[in-house]
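J.: This structure is in structure tokens; I'll ask about it shortly.
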Amino acid sequence: MSEPKKSEFSVIGKPVALVDSAGKSTGQGKYADDLSAPGMLIGKILHSHLPHALIKKIDASRALALEGVVTVVIGKDAPNTYGILPVGHDETALAVGKVRYVGDNVACVVAESESIAEAALELIDVEYEPLPAWFDPEDSMKSQSNFIHEQRPNNIEKDYHHVFGDPDAGFAVADVVLEGRYIANEVTHAAMEPHCTLAAFEFDSQTGREGRLTVQSSTQVPYYLQHKLSIVLDMPMSQIRVIKPLVGGGFGGKSEIIPLEIIAAVAARKAKAPVKITYTREEVFLAHRGRPRTIIDLKTGVKKDGSITAVAAKVIQDGGAYCSYGVVTILYSGALLGALYDIPNIKYDGFRVLTNKPACGAMRGHGTVNVRFAFESQLDELAGKINMDPVSIRRKNLLKPPCITVNGLRVQSYGLPECIDVVARESKWAERRTKLGKGRGLGMACSHYVSGAASSIIRSDMPHSTVNIKIDRDGGVIVYTGASDIGQGSDTMVAQIAAEVLGCKMNRIKVVAADTDLTPVDIGSYSSRVTFMNGNATMRAAEDIKKRIVAAAAKKLACAPEDVLMRDNIVYKRGVEPVESKSILQKVLGTSPSDKAPTVSGHVEGQILRGSVQQKRKDEGPKERMSFEEAVTSAMDNTGALSGTGSYAPPVEAKGGKHKGGGVGPSPAYSYSAQVADVSVDEETGEVTVHKIWAAHDCGRALNPVSVEGQVIGSVWMGLGQALQEEFVWKDGLLMNPTMLEYKSPSSTESPEIECFIVESIDPEGPFGAKEASEGSLAAAIPAVANAIYDAVGVRMRESPFTPERVLAAIRAKNGQKKIEMTNRVDPTAPHKLREHGGSLWFKGRGPQRHADDPSRKTTAEPVAGD
Amino acid sequence: MKKELIELKVNGRRHEVAIEPSKLLLDTLREDLGLTGSKRGCDDSSCGACTIQVDGTPMLSCTMVAASYQCDNGAHEITTVEGVAEHGALAAIQKAYGDWGGSQCGFCTPGFMMTVRALLQRNPEPSDEDIRHSLSGNLCRCTGYTQMYQAIKAAILAEQKGMARGNERTEEE
Ligand code: FES
Ligand code: FES
């Protein structure tokens, strides 16, 4: 672990254990599924087994007749539409009139137990009329009728066409121009905690009727959930409380409203009892909202000296059946072509297309990852064409901040040059690259990401984060933050910042987070916005409350407020030694200050302390230093409990250009990452082994280095999953691998060493200079591996993941050998055979009954592989 | 299905529970005993989040029928993550996972606690390869495992130091 460099801080920059880590390692911490309520019922969802069909009739009478079944909820129980984006309200709690993917939500059984609910699912009779379905985005775009959503002709959710600078002129002056098609297949978050929601109504004392709703849910966005619940249930937001318990990982998969969250609330209303729904792992895969399969046609021009003259990208995303975050995803794909390198001319055409598959949404590195894979691969290829080292071509195209890119992104802090230097040095790039021998190679790639979006998805001028702090007579500091800790450590970040600003120890801070009744609005944990935005709000709240403590302390210390310093539980005059709190307290009290020890009189120490402090204060004249508690108590003399508030809204200068869609991409600050991958490729089997990744990440300032390293390593690791083995395998709209094993989430034996180097560029607007750390490193991992494969065996992988099949096909194609058909004679029309052990809900002997125009009736084209 | 009364010994205490004879041990622990530390992360015994120890051996409680593990003359001593903290303080491995970033979201952590605990009971000085292999039945989506290795090594060191201290004390007495 790298040593913290700065000693100017007492908490910031120090490796600290997450404040909730003991709860996690002892099992005391509660996740949504660990909760229950008296009289709680269990909900189970009936999913569609057809990809696209009209619902003619739902008959639940047989299910309702089963003992233990309380109710069955269907679409018309809550037909209001919602969606995470205001422009994409295309979902309903349960299907109304139509299902749009295998796995769409048709009905929900509420019963006394899970086993009864499951049995009842089999007894619901649904009559469907199949419609033609689309599984390939390029086919879907050509559709003329039977659109997935009537309001989206040709199944195009949204398309954008951006031109910045003069791309034609840029390509004209290039010495080399390359064009290529890259495909990144679909991946998903697969957070270890399956989604879970517990919803319960309480009675209203005034009306005697059903009153407030409390929802406890595995969410990254409790306030959005509150908002959407109010839309679907037709209830004022003030009557809905959303609480986020511990969340077992999100990665974007819980960053919007997942069907079960709404369904549980609707079910609780209808069942008149608390209802809990927990997804099975298979349902998690079908709820999805992951990274879409993306087809990228990329064209880049460079001069002989390596400088990039223009980039043109056409991006098609296979969005699945609902909008989800799609409009934002397709915009990120274009916008973040900028702000990594200096690119003078950019052309971007993006198409978000609807297909009859589970909706894609936001996943770690939202929108940027797949395009980054294409870009960094093509840049590598261009470097080869002009005989330039891959490291040098990247150094050649660096931005010169502070600057504003051609597409309107403001860049202030920019640690990319240092990141490149660090990984080149640590991997011994220059020395080793040529000496690795047959089948082994090094590859380099870079990436970047936003520290939150400068404009929120719901347009408003309100702050993106607000934090309140309360300090009461006990001297305890309670921070009320809406930030959602999903394992990334935001509660700890907030505690660290509050402790640093207030000059007290971490154990004095208690964080109350993500409870819409208690905490002020924070728009959620997504787009890596929390440290930057909630951190800034926390800092401001702490400074607000500190002002009052300092004013009171200044009187006692007989100095100007500017000369009052606070650190490690001591408040002291500038120029005076801040002695260890222990000795000071001993001086003040003449007793041992042990925080927990009860005093002789049996009183809790704090009460005694205040009494004696007040007594002392009267007796003593001016002094040089005092304890945190004394300072706080004197500030409270006239006001009672102290409270402070702070909020953060990104500055207008960070909000980017005025073009259509220009609101996505701009961020107050960008993180940077550079990576080198060391891989071997087995030319006989096509198997790729990653030996090591060196990853350098510019996070502005590492508030908590252990956490930053953990986030960077986790991102790179997740990128490696996408690079080598993770992928959704589809057959006619059926997900063939909805389990952790078949999806191939990497285990410890498949995970290489990842060494993380923290680069601190100290952002001028970040809290203590901090910016993004949890997503930006993901994207570089994929092209770093692709480039290393090229370095190893001379094949350019243009379709991810780089499975043995694809790599071998590419190697054989290069050598002029015939492709080996590994799946020959596998009958794809009999998926129930493949899925038997997984317990697929909709294939228990039902088989696909499809519309005559369904692609499952046609032969499909050969997939693209490497060349 | 009609319920039956069974007796389980969990974390050193005996519990009588009335459950359906087909009920899984994981569900019994979570729902009937309120021991929600063990997690369910999958449908097909692929994730390890539900790992417990039975007589010291790590096992997946999501695939075990509770009624088959009734306590019986000293056999079937079940330990869950709730039984790991020792003498009113975190066990070395629990503390180290916090200090070294071994858990982020923590959903996989109870399973890892039980797997690592069993490993270290069997082999107090495992090699890097031993550690890597013994963790391969537990999945984590957050950490990439790297910081877990650091945590495990730190825990081993802490244990050794603690043991050394323990020995000193005995010698003094
Ligand atoms: S719950 Fe996944 S292995 Fe038991
Ligand atoms: S810490 Fe989140 S799954 Fe392991």
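J.: Considering amide H positions built from the backbone, and no H for Pro or chain starts, which residues 5 or more places from A:ILE148, or on another chain, come under 5 Å of its amide H?
T.: Close amide H contacts, sequence-distant or interchain: A:ASN155.
J.: Further question on the same structure: By its C-alpha gyration tensor, with a ≥ b ≥ c as the square roots of the eigenvalues, how is chain B shaped: rounded for a/c under 1.5, else prolate for a/b larger than b/c, else oblate? Let's see the in-between values first.
T.: On the way: a/c = 2.31, a/b = 1.43, b/c = 1.62.
Note, shape of chain B comes out oblate.
J.: Another question, then. Using alpha-carbon positions, what is the distance between the centroids of region A:470-513 and region A:357-420, in Å?
T.: Cα centroid to Cα centroid, the span is 36 Å.
J.: Also: Which of the lysines could a cross-linker bridge to A:LYS623, judged by Cα under 26 Å and excluding same-chain residues fewer than eight apart?
T.: Partners found: A:LYS505, A:LYS546, A:LYS547, A:LYS555, A:LYS556, A:LYS573, A:LYS582, A:LYS587.
J.: Lysines within cross-link reach of A:LYS819: Cα-Cα under 22 Å, excluding same-chain residues under 8 positions apart?
T.: A:LYS731
J.: Given only helices, namely DSSP H runs of n ≥ 4 each adding -39500 (n - 2.57), what is the per-residue ellipticity at 222 nm of chain A, to the nearest 500 deg cm²/dmol? Numbers along the way, then the final one.
T.: Numbers: 23 runs with 236 residues, N = 867.
One gets -8000 deg cm²/dmol as the mean residue ellipticity at 222 nm.
J.: For A:HIS691, which sequence-distant residues (separation of 5 or more, or a different chain) have an amide H within less than 5 Å of its own amide H, given hydrogens modelled in the peptide plane?
T.: A:ASP678, A:VAL679, A:SER680
J.: Right, next: Could you tell me what percent of the DSSP beta bridges with both partners in chain A are antiparallel, to the nearest 5?
T.: Values: 105 of 134 bridges.
Once the DSSP bridges in chain A are tallied, antiparallel ones form about 80 percent.
J.: Could you order peptides A:348-354, A:226-232, A:33-39, A:325-331 by the average number of other Cβ atoms within 10 Å of their residues, highest first?
T.: Values: A:348-354: 25.6, A:226-232: 21.0, A:33-39: 15.4, A:325-331: 27.6.
The most tightly packed comes first, giving A:325-331, A:348-354, A:226-232, A:33-39.
J.: I need the shape label for region A:266-412. Rule: rounded when a/c is under 1.5, else prolate if a/b > b/c, else oblate, with a, b, c from the alpha carbon gyration tensor. Walk me through the numbers on the way to the answer.
T.: Numbers: a/c = 2.98, a/b = 2.52, b/c = 1.18.
Note, shape of region A:266-412 comes out prolate.
J.: Here's something else I'd like to know. Can you work out ³J(HN,Hα) from phi for every residue in region A:353-361, in order, using Karplus 6.51 cos²θ - 1.76 cosθ + 1.60 and θ = phi - 60°, giving whole Hz and x for Gly and Pro?
T.: 3J(HN,Hα) across region A:353-361, in whole Hz: 10, 8, 9, 8, 9, x, 5, 8, x.
J.: Quick one: net charge of A:SER21's neighbours, Cβ under 14 Å, K/R +1, D/E -1?
T.: On the way: positive: A:LYS24, B:LYS95; negative: A:ASP20, A:ASP485, A:ASP491, B:ASP99.
Within the 14 Å Cβ shell, the charges total -2.
J.: What does the structure give for B:147-159 when I average, per residue, the other chain Cβ atoms found within 10 Å of the residue Cβ?
T.: Values: counts 9, 1, 2, 3, 1, 0, 0, 0, 0, 0, 0, 0, 0.
Average per residue, whole number: 1.
J.: Sort chain A into rounded, prolate or oblate with this rule: let a ≥ b ≥ c be the square roots of the eigenvalues of the Cα gyration tensor; rounded if a/c is under 1.5, and if a/c is not under 1.5, prolate when a/b is larger than b/c, oblate otherwise. Can you show the working numbers first?
T.: Values: a/c = 2.05, a/b = 1.24, b/c = 1.65.
Oblate.
J.: Do you know the relative contact order of chain A, to the nearest whole percent, from alpha carbon pairs under 8 angstrom that are 6+ apart?
T.: Values: 2179 pairs, mean separation 132.0, N = 867.
Relative contact order comes out at 15 percent.
J.: Step through the residues of region A:805-820 one at a time and calculate ³J(HN,Hα) from phi using the Karplus curve (6.51 cos²θ - 1.76 cosθ + 1.60, θ = phi - 60°), rounding each to whole Hz and writing x for Gly and Pro.
T.: Those phi angles translate into 4, 5, 5, 4, 4, 5, 5, 5, 5, 4, 7, x, 8, 6, 5, 8 Hz.
J.: Which peptide among A:785-794, B:32-41 comes first, and what is the full order, when sorted by highest mean count of other Cβ atoms within 10 Å? Please report the intermediate quantities before stating the final value.
T.: Working: A:785-794: 25.3, B:32-41: 22.2.
Answer by packing, highest mean first, reads A:785-794, B:32-41.
J.: A:GLU799's amide H: which non-local residues (gap 5+, or another chain) put their own amide H closer than 5 Å, with H modeled 1.01 Å from N in plane and none for Pro or chain starts?
T.: A:ILE183, A:GLY866
J.: Distance between Cα centroids, region A:59-91 to region A:241-284: provide it in whole Å.
T.: Answer, in whole Å: 14.
J.: Roughly what % antiparallel, to the nearest 5, for the DSSP beta bridges in region A:240-363? Before the final figure, lay out each step's value.
T.: Numbers: 10 of 18 bridges.
Around 55 percent of the beta bridges assigned by DSSP in region A:240-363 are antiparallel ones.
J.: Here is a follow-up. Across bins of 5 angstrom width beginning at 0, how are the C-alpha pair distances of region B:4-83 distributed, in whole percent?
T.: Calculated over all Cα pairs of region B:4-83, the distribution is 3, 17, 31, 28, 15, 5, 0 percent.
J.: Restricted to Cα positions, what overall size does region B:92-165 have along the principal axes? Three whole-Å values, descending.
T.: Each principal axis gives a Cα extent; for region B:92-165 these are 36, 23, 17 Å.
J.: Using the Cβ atoms and a cut-off under 13 Å, what net charge is assigned to the surroundings of A:GLU426, where Lys and Arg are +1 and Asp and Glu are -1?
T.: Neighbour charge sum, excluding A:GLU426 itself: -2.
J.: Sticking with this one: In a shell of Cβ-Cβ distance under 10 Å around B:GLN150, excluding B:GLN150 itself, what net charge do Lys and Arg (+1) and Asp and Glu (-1) give?
T.: Working: positive: B:LYS153; negative: A:GLU709, B:ASP99.
Residues near B:GLN150 contribute -1 overall.
J.: A further question on this structure: Would you list, by chain and number, the lysines whose Cα falls below 18 Å from the Cα of A:LYS655, excluding same-chain residues fewer than 8 positions away?
T.: The reachable lysines, counting only those whose Cα sits under 18 Å from A:LYS655, are A:LYS771.
J.: Ignoring everything except DSSP H segments at least 4 long, calculate the 222 nm mean residue ellipticity for chain B; use -39,500 (n - 2.57) per segment, divide by total residues, nearest 500. Working shown, then result.
T.: Details: 4 runs with 56 residues, N = 173.
Helix contribution divided over all residues of chain B: -10500 deg cm²/dmol.
J.: Can you compute 3J(HN,Hα) from phi for each residue in region A:226-241, using the Karplus curve 6.51 cos²θ - 1.76 cosθ + 1.60 with θ = phi - 60°, rounded to whole Hz and x for Gly and Pro?
T.: Coupling constants for region A:226-241: 4, 5, 6, 4, 5, 5, 6, 8, 6, 10, x, 4, 5, 9, 10, 10 Hz.
Quick note: the coordinates plus some simple rules give every number you see, no bench work behind them. Everything numeric here is computed off the predicted structure, so don't read it as measured data. Every residue, glycine as well, gets a Cβ built from its backbone with ideal geometry; the counts of neighbours run over all protein chains shown.
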